[in-house]
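What follows is a single structure, written as structure tokens, with notes after it.
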Amino acid sequence: MTRANFQCGLEAVLAILGGKWKPLIVYHLAGGARRTGQLRRLVTGVSEKMLIQHLRELTEDGVIRRIDFQKVPPHVEYELTGFGRSLAQVLAPLCEWGTRHNAEVAMIVQKRDAASKTA
């Protein structure tokens, strides 16, 4: 097995949480186990295909656990593992930063969007 050689810890985090939706999935699972439909509603804008793909990857990486209740109709929930909970704890300060700087970030995004339309 080859060991990845990360130059800093942030590279290791991005190896697990890279992408737009994975941090949001982890964030929403920090509040407890959720069904796929609940996550689809909470992670606004994600397609069904991307949600399923990210859930599969996070499960394979040991961040979340898939719980299949073996019922008809199917009942599946996802929850954070211990590894995933430790990751969710470091996301909390990022969420707080985003909340504090929400207006500034919104202006930056508006400027970026306007610039891309004129380019």
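Of the residues making up the stretch 21-50, just one is without any contact (Cβ under 8 Å) to a residue 24 or more places away in the chain, closer than 19 Å to A92 by Cβ and exposed (fewer than 14 other Cβ atoms within 10 Å of the Cβ), namely G31. Return yes when V13 is of a type in the set (V, I, T), touching a strand residue (DSSP E or B) at 6+ places or on another chain (Cβ under 8 Å) and either assigned to a helix (DSSP H, G or I) or surrounded by fewer than 16 Cβ atoms within 10 Å (Cβ to Cβ) (or both) and no when it is not. No, not satisfied. If you check E57, E79 for being closer than 18 Å to W21 by Cβ, acidic (D, E) and either open to solvent by 90 Å² or more (accessible area, probe 1.4 Å) or not in a helix (DSSP H, G or I) (or both), only one passes: E79.
The values are calculated or read from the model by the stated rules, or taken from the named source; none is laboratory data. Owing to the predicted nature of the structure, the values given are computational and were not obtained by experimental measurement. Note: ideal-geometry Cβ built from the backbone for every residue, glycine included; neighbour counts use all protein chains shown. SASA here: full protein model, heavy atoms, side chains in, ligands and nucleic acids out. Shrake-Rupley method; radii C 1.70, N 1.55, O 1.52, S 1.80 Å.
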